[in-house]
1. Of the conditions (1) in a helix (DSSP H, G or I); (2) modelled with pLDDT under 95; (3) of a type in the set (D, E, K, R), residue 75 fails just one. Which one is it?
2. Among the residues of region 113-127, are any part of a loop (DSSP other than H, G, I, E, B) and in contact with a Cys (Cβ under 8 Å, 6 or more places away or on another chain)?
3. Any idea which residue in region 175-198 is surrounded by the fewest Cβ atoms within 10 Å (Cβ to Cβ), counting only those that are under 18 Å from the mean Cα position of the chain (by Cα) and more than 23 Å from residue 217 (Cα to Cα)?
4. Exactly one of (1) more than 19 Å from residue 55 (Cβ to Cβ); (2) under 18 Å from the mean Cα position of the chain (by Cα); (3) not aromatic (Phe, Trp, Tyr) is unmet by residue 159. Its number?
5. Given the conditions (1) in a loop (DSSP other than H, G, I, E, B); (2) in contact with a Lys or Arg (Cβ under 7 Å, 6 or more places away or on another chain); (3) under 28 Å from residue 46 (Cβ atoms), and given that residue 202 satisfies all but one, which numbered condition is not satisfied?
Amino acid sequence: MSYKDYKNNATKTDDLKKALADTQNAAGGFVKDPDEWYPQGDKSDSGYAIIRFLPGPEVEEKDFIHYWTHEFKNKKNGEWYFENCLSTLGNPDPVGKFNAKLWNMSDDDKSPERTQAREQKRKLYYRANVFVIADPQNPENNGKIKKFKFGAALFDFIKNAMNPKVLPGLTPPTPFNPFNLITGANFRIVFYKEDGYRKYGKSQFDPNGPLFDNEDRMETVYNAINEDKKWSLKQYIDPSKFKTYEALNKRLIEVLGYDWENPQTPVRDLPSSTPKSNNVRQKDDSPRDEERLKQTTKTKEAPKEAEKIESDEDFFNSLAEEG
C-alpha cells in the first residue's frame with residue numbers, strides 16, 4: 001500500500017478494534033538493541049516524554065502485539081527464571097502448570113503455595129513502534145523511530161482512546177486510532193514514583209492531528225516502517241523466540257532446585273539441564289530488563305487490575321483444567 005492509499009484509509013479502525021478484542025480475549029544472548037526506547041526519569045524516577053504511536057508494517061496488519069513472560073527469582077538460591085511464556089502461542093507452559101498445582105494445594109489465599117503462585121504469575125507486555133518527539137533525559141532520541149515495550153498501565157490509554165468511557169451527563173469523547181499518522185494524536189507520558197512504584201496516571205493524548213504538517217516527512221516515516229524489517233512487530237511472537245516446553249521445564253527445575261512434578265527426585269538425578277551459559281534471554285528484551293535483573297526494586301510499575309486480565313482464582317483454575 002502506498003502512502004497515498006494509507007492516507008485515504010486514515011479513518012478506518014476496524015483492524016485495530018479487532019486486535020484490541022483479541023488481546024482482551026486472550027529469546028540468543030542479551031544484545032542491546034540501539035532502537036529500543038524507554039522513558040528515563042530523573043533521580044526520583046519522575047519525568048515525561050512525548051511520543052507518537054506509529055502504524056505497524058502494512059504487510060503485518062497489526063499496529064501492536066502482546067505477549068506473556070514469566071519473571072521471578074528463587075530467593076533461596078538466587079536463580080532467576082526469565083523466559084517467554086508459551087501461553088502467548090496458545091500452548092501449555094510448565095510454569096503455568098506448576099502454578100496451577102501450587103494454587104490447588106490450598107484453599108487459603110494467604111498460604112505459601114498461593115503466594116508463590118502469584119509471584120510466579122505470567123506478566124503481560126505490549127510492543128509497538130513509536131516516533132519520539134521529546135525525550136528530555138535523552139534528547140538524542142528526538143526525531144527518531146524507536147521500538148517500545150510497555151505494560152497494561154500505558155496500554156489502557158490506547159484502549160480508552162479507541163473505546164472511550166462514557167460518563168453520565170457528559171458528551172461521549174470521539175473514538176480515534178492512536179496509531180494513525182494523520183488522525184491520531186501525540187501521547188504525553190508522564191510518570192512519577194509513589195510508594196515505590198512508577199505511575200502513569202497523569203499521562204494523556206494531545207488533540208488529534210497529523211504527526212507533521214509536511215507531507216514529505218509523513219511519507220518518509222511511513223516508508224521507513226514498511227521498508228525495513230527491523231520494525232516488524234511479529235518478530236517478537238515468532239515461535240523461534242520461544243523455547244520448547246522441555247527446555248523451559250529443565251530451566252524451571254534448575255531455578256527451583258527440585259523437580260516440581262516429582263519433588264522427591266534430586267536434581268542431580270534428572271537429565272542434564274541447560275548450562276547456565278546457555279540460559280540466555282531473548283533479543284527483544286529491553287535495557288530495562290537487564291537493569292531489573294540487577295536491582296528488581298529500583299523501578300517498578302504500579303500493579304493494577306488491568307494487568308491481571310483475569311482474577312487469580314480464575315487464571316490458576318483455568319490452568320488446572322487445561323492440565
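The values are calculated or read from the model by the stated rules, or taken from the named source; none is laboratory data. Small disclaimer: the values here were computed from a predicted structure and weren't measured. Heads up, the Cβs are rebuilt from the backbone with ideal geometry, glycines too, and the neighbour counts pull from every protein chain shown.
1. Looking at each condition in turn, residue 75 falls short on (1).
2. Among the residues of region 113-127, at least one is part of a loop (DSSP other than H, G, I, E, B) and in contact with a Cys (Cβ under 8 Å, 6 or more places away or on another chain), which makes the answer yes.
3. If we take residues in region 175-198 being under 18 Å from the mean Cα position of the chain (by Cα) and more than 23 Å from residue 217 (Cα to Cα), then 197 is surrounded by the fewest Cβ atoms within 10 Å (Cβ to Cβ).
4. Result: residue 159 passes all but (1).
5. Going through (1) in a loop (DSSP other than H, G, I, E, B); (2) in contact with a Lys or Arg (Cβ under 7 Å, 6 or more places away or on another chain); (3) under 28 Å from residue 46 (Cβ atoms) one by one, residue 202 breaks only (2).
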